[in-house]
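What follows is a single structure, written as structure tokens, with notes after it.
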Amino acid sequence: MLIKKAADIPSSEITPKTLYLNRRKFIGGAALAGAAVATGAGLSELIFPVPVHADAKIDGIQKSQFSTTEAVTPYKDVTNYNNYYEFSTDKYEPAGLAKNFKTRPWKVKIDGLVSKKQELDVDAIIKMATPEERIYRHRCVEGWSIVVPWVGFSLSELIKRAQPLGKAKFVEFTTILDPSQMPGQRGNVLDWPYVEGLRMDEATHPLALLCFGMYGEVLPNQDGAPLRIVVPWKYGFKSAKAIVRIRFTDSQPINTWNRAAPNEYGFYSNVNPHVDHPRWSQAKERRLGEFFKRPTLMFNGYDQVASLYSGMDLKKYF
Amino acid sequence: MIRWFKPVVFLACLGPLARLGWKGYHQALGANPIEVITHSTGDWTLIFLLVTLAITPIRKLTRQLWLIRFRRMFGLFAFFYVVLHFLTYIWLDKFFDVHEMLADIAKRKFITVGFTAFLLLIPLAVTSTSGWIRRLGGKRWSRLHQLIYLSAVLGVIHYWWLVKKDVHKPLEYAIVLSVLLGYRVLVWGFPKLTANRTRTLSGEHIESPQW
């Protein structure tokens, strides 16, 4: 069987849809060795549907010094392999189930310890600062990783406009609760709505991203549209999706996975190859598209955040 | 009839592997092919274990005695898929790193029970031949092959401990397994209730291993 090696994935995978589809046709045609190309593509697409691109390009995206030069994971993998329990616990299902998820109109409530509680329209938030492309490594707690060209700006841009009070020590993010649109929320696999949190200094670190796009386009629904955070030095579940509420608080929020299994998922959940999950090792990871596993890096390779945790026992505060 | 039916069932049992191979060849195993292969071979191991365990109850309840002729094949297919599952683990997950594997087996409960479940199936596969049944004698052979109960229980626990939160799939296996083992507990605990049946079907384990 064919498993793609890193070398087979051109960094130019941040390609427009047309080119990307041509590539698929090529693969389909080659696989069937001269059989009807259309049939080949049709068959493999039956098994593995190509997601509908949001197709809305985001204008004026600036490059970022925080971007990695590592090969970007193909769009089809990032949009078809999703941990999004609000839709399904199956990674391949959110792509289909989120297809008609309504991301407009969308309000985000900003409350808690702020000088002015308010409700902002997501489009007003998106216009707060210049969009940047941040190509980040993304490491799931399950042991796989991807490289994603997110689009957004530093979360601190929003936080400073929210004017948190001096007492505010933590920020809590809440995902939308809407079982009518999110079939996973009709079950009780997790306590809904999904809640995540960051310490204030983590949330205002320039790497912490407020995200509304990827691959130069509007964020696909299954990847957290219309608004999510991306915290690249932490395990993926810390990066809350479809956010409707940002609350500033003086006490540490109880994040959903921590509530579900406190001995397995901590509040911090920094990527750390030396602290294993109780049930599996975190020393290595499988980068999607690569055959061999690669070693996992401390803070997912984002050493610049190390100072946030100086003096802390990261085995205790996992 | 059975002579004709058996190769068909045999080929059908290879279906899951063929499907994986076909999808792999067409790069249709999704974003994380190795995970799909691992999960699929694990699933089919459990399915074949349960099918194997279902033969006796179904045969006795429906009095379709011929079903027994398929039990060995299903059992060996369970073993076939667990070998593939194990190979996926040592090759595609651990890359033959013995040190890492030993650490895994010692440290991680779900690997420990999964590995144990696999080991328990080896003597069953080895002694699945008619020659071994003769050598061991029907009674001792049956005793030995009761290891499948333990192996199946450990297999389901292995799956249960592996999932992050959503246990509905391992729960499905657990329920089916409970029914299948529950039947045996009933037969064993209330022989009077089932006496009629057992008497009429007594001694059949001697006929059972024959193809």
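Numbers for the structure displayed
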read-out: Trypsin sites (Lys or Arg not before Pro) restricted to segment B:48-123 and DSSP loop, no more than 13 other C-beta within 10 Å; value: B:Arg63
read-out: Per residue convex hull volume, Cα atoms of the protein assembly as shown, in Å³; value: 179 Å³
read-out: Mean ellipticity per residue at 222 nm, deg cm²/dmol - from DSSP H runs of n ≥ 4 across chain B, formula -39500 (n - 2.57); value: -26000 deg cm²/dmol
read-out: DSSP-defined antiparallel bridges as percent of all bridges, the protein assembly as shown, nearest 5; value: 85 percent
read-out: Added length on full extension, which subtracts the Cα-Cα distance from 0.36 nm per residue, B:Phe10 to B:Asp43; value: 10.1 nm
read-out: Nearest-ten-degree value, helix B:71-87 long axis tilted from longest Cα axis of chain B; value: 20 degrees
read-out: Under Karplus coefficients 6.51, -1.76 and 1.60, residue-wise ³J(HN,Hα) of segment A:79-89 in Hz, glycine/proline x; value: 9, 10, 10, 10, 8, 9, 5, 4, 9, 6, 7
read-out: Shielding by other protein chains, B:19-32, mean Cβ within 10 Å; value: 6
read-out: Pairwise FRET efficiency - B:Ile122 versus A:Ala261, Cβ, R0 = 25 Å, nearest 0.05; value: 0.15
read-out: Backbone N under 15 Å from the A:Arg279 label point (7 Å along Cα→Cβ), restricted to segment B:69-89; value: none
read-out: Normalised convex hull volume, segment A:55-309, alpha-carbon set, Å³ per residue; value: 123 Å³
read-out: Euclidean distance of C-alpha centroids, segment A:257-294 and segment A:123-180, integer Å; value: 21 Å
read-out: Compactness of segment A:78-149, expressed as Rg and Dmax over alpha-carbon positions, Å; value: 16.1, 42
read-out: Average partner coverage of B:163-172, which counts Cβ from other chains inside 10 Å; value: 4
read-out: Computed E for B:Lys169/A:Asp191 - FRET, C-beta separation, R0 22 angstrom, nearest 0.05; value: 0.60
read-out: Residues B:Trp4, B:Trp91, B:Trp132, A:Trp150 arranged by fewest to most Cβ contacts within 10 Å; value: B:Trp4, B:Trp91, B:Trp132, A:Trp150
read-out: For A:Lys234, residues with placed amide H under 5 Å, excluding near neighbours; value: A:Val271
read-out: Rh by Kirkwood over Cα pairs, then Stokes-Einstein D for chain B at 1.567 mPa s and 4 °C, µm²/s; value: 70 µm²/s
read-out: Angle in degrees between helix B:191-200 and the longest Cα principal axis of chain B, rounded to the nearest 10; value: 80 degrees
read-out: Cα point-scatterer Debye curve for segment A:196-318, base-10 log of I(q)/I(0) at q = 0.17 Å⁻¹; value: -1.01
read-out: Counted charge near A:Pro183, where neighbours are those whose Cβ lies closer than 10 Å (Asp, Glu -1; Lys, Arg +1); value: -1
read-out: For segment A:61-114 and segment B:131-165, distance of Cα centres in Å; value: 44 Å
read-out: For segment B:71-97 versus segment B:1-43, the gap between their alpha-carbon centres in whole angstrom; value: 13 Å
read-out: Label-to-label distance, nm, for residues given as B:Trp160 and B:Val185 (7 Å Cα→Cβ offset); value: 1.3 nm
read-out: Shielding by partners, peptide A:85-92 (average Cβ within 10 angstrom, other chains); value: 3
read-out: Whole-number D in µm² s⁻¹ for segment B:1-42, Kirkwood Cα-pair radius fed into Stokes-Einstein, 4 °C, 1.567 mPa s; value: 113 µm²/s
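Taken together, the values in this text are just the output of simple stated rules run on the coordinates, not laboratory data. Nothing here was measured: the structure is a model prediction, and the numbers come from that model. All Cβ positions, even for glycine, are placed from backbone atoms using ideal geometry, and neighbour counts span all protein chains on display.
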